[in-house]
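K.L.:
Take a look at this one; I'll ask things after.
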Amino acid sequence: MLKTTTALAAPTRRGFLAGAAAGGLALGLGLNNRVQAAEPKKGGTLRVGYTQGSTSDSLDPATYANDFMFATSYAVFSTLVEIAPDGTAQPDLAESYEATPDARVWTFRLRDDATFSDGKRVSAADVVSSIRHHMGPESKSGVKPLLAQIKDIRADGDNVVTFELEDGNADFPFIFNDYHLTIRQDTNGAIDPESRIGTGGYVIEAFEPGVRIELKRRDDYWKAGRAHFDKVVLLKVGDPAARMNALMTGEVDLIDRPDLKTIHLLKRNSNVKIHTQNGTLHYTMPMHVTAAPFDDVNVRLALKHAIDREAIVQKVLKGYGTVGNDHPIASSMPFYNAELEQHAYDPDKAKHYLSKAGLSSLDATLHTADAAFNGAVDASVLFSEAAKGAGINLKVAREPDDGYWSNVWLQKPFCCSYWGGRPTPDLMFSAGYAATADWNDTLWKNERFNQLLAEGRSQLDQALRAEIYGEMQQLCQTDGGALIPAFGQYVSAMNTKIQTPEHVSEMWDLDSVRFIERWWMA
């Protein structure tokens, strides 16, 4: 049996008892070394200025679509597992989990001491109803495709949940870190998606969608050594200048995504510190491989060699990142293929591929907006200038920020986008590159790639998995429609009173968006 178990102890991080050879559940996402002088302590009010947030936000976990709600989800509710700073899938509401040798049947045993904010103990029925909320035929949940592999889910008594899968999946526990899959109370086989009763360290005192959320710490929180702030106030501050000014004047204590063009102004303030995480964030320019001229792989390769990646890292990201290689697996992730030749700016090679496509020049349009990522417009202009050397006339079409994700992404044949990444290659490829993925934003359907995807998911031999995922990265790079010029660091800024653990989880921004529970105030 593949098995892991843990016990929470504050303030140290938990250890993972099963290694990578026991099922591929350990990841090397990298540890962020920040030694703190003080131990965590309770108290204080944390005020956060967030970039994202929408007036259409709701507490229904199936609808979560921005960091405003992700942070609230992790603070007020809990998941079966969480991603630890070392990249492993650690039990959270679960006490342990184990799988049959073929990784097709997974059993999760729940903690005995985990309770909702109304005092009710968490049960297997709560878990079953919470997961099924995202699986129904009418569900529009963003996590629904990942749950399609579940053949059956059942409660075996009050504290054991069993999942039977269609096929083996060595990475299955990682799914349950997803911010959608927080556990709610069962009521006659269903959950109330708008309920504020959760199992997390905080309760909601005020909820104004896309404007303001106020949280208060639970005195009876069952997880020792977590949830240190007395109160937390999340504010939507979409304008980057206003967000940075709010931090410098002391109106907020922490902001995400400071404007890298003016971040030097924050560095001058002795009360402010910059926080960086390497993580899995990457910036993309997806091409629809079904639309001319991008339906020719040689055109795609020409464009991949016509972009100056280093210039984008230095001039747009201001050094807060590294060059990308046209596949979505970060160098810190398991099974990263370090043997792939790095795609670099090479106008002659770009001309070579245009010639193979029967072209002496190329006209194309790149749709862009800073809503895609901070600096996307500048990156697009740099791309356009560099591409001229290869005989490529790249028109930059600046789109409105408002409505970009509904009107441009997935709609236009060549645009700018970004991905926050996923903890394993299987989850990353399944979300954005599988033929059937809803978010396959290049419309790429490579038969060999999809065959390997199925094989890698059920393979428990780590050496074979490395070969499989290595080849998949090569296929993305040489055949896929995603031009990935850079991986960016997650950058945030905060008052010097805010303290972090020695190591933070770098998969997503702000300790994988669990900062409200894990950080504290000096």
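K.L.:
List the residues of segment 194-228 whose backbone N lies under 20 Å from a point placed 7 Å from the Cα of T249 along the Cα-to-Cβ direction.
P.N.:
Taking a point 7 Å out along Cα→Cβ of T249, the residues of segment 194-228 whose backbone N falls under 20 Å are 211-213.
K.L.:
Which length gain, in nm to one decimal place, applies between S331 and A242 when the Cα-Cα distance is subtracted from 0.36 nm times their residue separation? Numbers along the way, then the final one.
P.N.:
On the way: separation 89, 0.36 × 89 = 32.04 nm, distance 3.42 nm.
Result: 28.6 nm gained on full extension.
K.L.:
Now, a different point. Please report the base-10 log of the normalised intensity I(q)/I(0) for the chain, using a Debye sum with one equal scatterer per alpha carbon and no solvent, at each q in 0.11 (1/Å).
P.N.:
-0.97
K.L.:
So which GluC sites (Glu not before Pro) in segment 53-131 end up in coil per DSSP with only 12 or fewer other C-beta atoms within 10 Å? Intermediate values should be presented prior to the final figure.
P.N.:
Details: sites: E82, E95, E98; in loops: none.
Passing sites in segment 53-131 do not exist.
K.L.:
Ok, one more. Between D479 and A148, what length in nm is gained on full extension when 0.36 nm per residue of separation is reduced by their alpha carbon distance?
P.N.:
On the way: separation 331, 0.36 × 331 = 119.16 nm, distance 2.72 nm.
Result: 116.4 nm gained on full extension.
K.L.:
So for each of 381-389, 163-171 I average, over its residues, the number of other beta carbons within 10 Å; can you give me the resulting order with the highest mean first? Show your work: numbers first, answer last.
P.N.:
Working: 381-389: 18.2, 163-171: 19.8.
Averaged packing, sorted descending, gives the order 163-171, 381-389.
K.L.:
Mind giving me the nanometre distance, one decimal, between the label points for E166 and A437, set 7 Å out from Cα along Cα→Cβ?
P.N.:
1.7
K.L.:
Residues of segment 61-78 with amide nitrogen under 14 Å from the 7 Å Cα-to-Cβ point of V211?
P.N.:
Hits in segment 61-78 for V211 at 14 Å: none.
K.L.:
Are any of the pairs K41/K216; K140/K412; K261/K412 more than 21 Å apart by Cα-Cα distance, and if so, which?
P.N.:
The pairs that break the limit, which is 21 Å between Cα atoms, are K140/K412; K261/K412.
K.L.:
Continuing with this model, one more query. Please determine, in degrees from 0 to 90 and to the nearest 10, the orientation of helix 376-387 with respect to the longest principal axis defined by the Cα atoms of the chain, where the helix direction is its Cα long axis.
P.N.:
So the inclination is approximately 30 degrees.
K.L.:
How compact is segment 282-488 by the rule of thumb for globular proteins, expressed as Cα Rg over 2.2 N^0.38 Å?
P.N.:
Details: Rg = 16.2 Å, N = 207, 2.2 N^0.38 = 16.7 Å.
Compactness ratio reported: 0.97.
K.L.:
At a Förster distance of 60 Å, what's the computed FRET efficiency of D158 paired with I274, Cβ-Cβ distance as r, to 0.05?
P.N.:
On the way: r = 47 Å, r/R0 = 0.78.
Efficiency at R0 = 60 Å is approximately 0.80.
K.L.:
Rounded, prolate or oblate for segment 261-356? Axes are the square roots of the Cα gyration tensor eigenvalues, ordered a ≥ b ≥ c, and the cut-off for rounded is a/c under 1.5. Please list the in-between numbers first.
P.N.:
Numbers: a/c = 2.61, a/b = 1.98, b/c = 1.32.
It comes out prolate by the Cα gyration axes.
K.L.:
Here is a further query. What nm distance separates the two modelled labels at N393 and I263, each placed 7 Å from Cα along Cα→Cβ?
P.N.:
If labels sit at N393 and I263, their model points lie 3.7 nm apart.
K.L.:
Starting from the Cα of E455, step 7 Å along the direction of its Cβ; do the same at D118; then give the gap between the two resulting points in nm.
P.N.:
5.1
K.L.:
Ranked highest first by the average count of other Cβ atoms within 10 Å around their residues, in what order do 417-424, 131-138 fall? Show your work: numbers first, answer last.
P.N.:
Numbers: 417-424: 22.2, 131-138: 14.2.
In decreasing order of mean packing, 417-424, 131-138 become 417-424, 131-138.
K.L.:
Also: How much length is gained on full extension from A463 to A224, taking 0.36 nm per residue of separation minus their Cα-Cα distance?
P.N.:
Values: separation 239, 0.36 × 239 = 86.04 nm, distance 3.80 nm.
Stretched out fully, the A463 to A224 stretch lengthens by 82.2 nm.
K.L.:
Once the other residues with Cβ under 13 Å from the Cβ of E339 are scored (Lys, Arg +1; Asp, Glu -1), what is the net sum?
P.N.:
After counting each charged neighbour, the total is -3.
K.L.:
In what sequence, highest mean first, do 428-436, 150-158 appear when ranked by Cβ atoms within 10 angstrom?
P.N.:
Working: 428-436: 20.3, 150-158: 13.7.
Packing order, densest peptide first, comes out as 428-436, 150-158.
Throughout, read-outs are computed from the coordinates displayed, never taken from laboratory work. The structure presented is a predicted model; accordingly, all values stated were derived computationally and were not measured. Backbone-built Cβ (ideal geometry, glycine too); neighbour counts: all protein chains shown.
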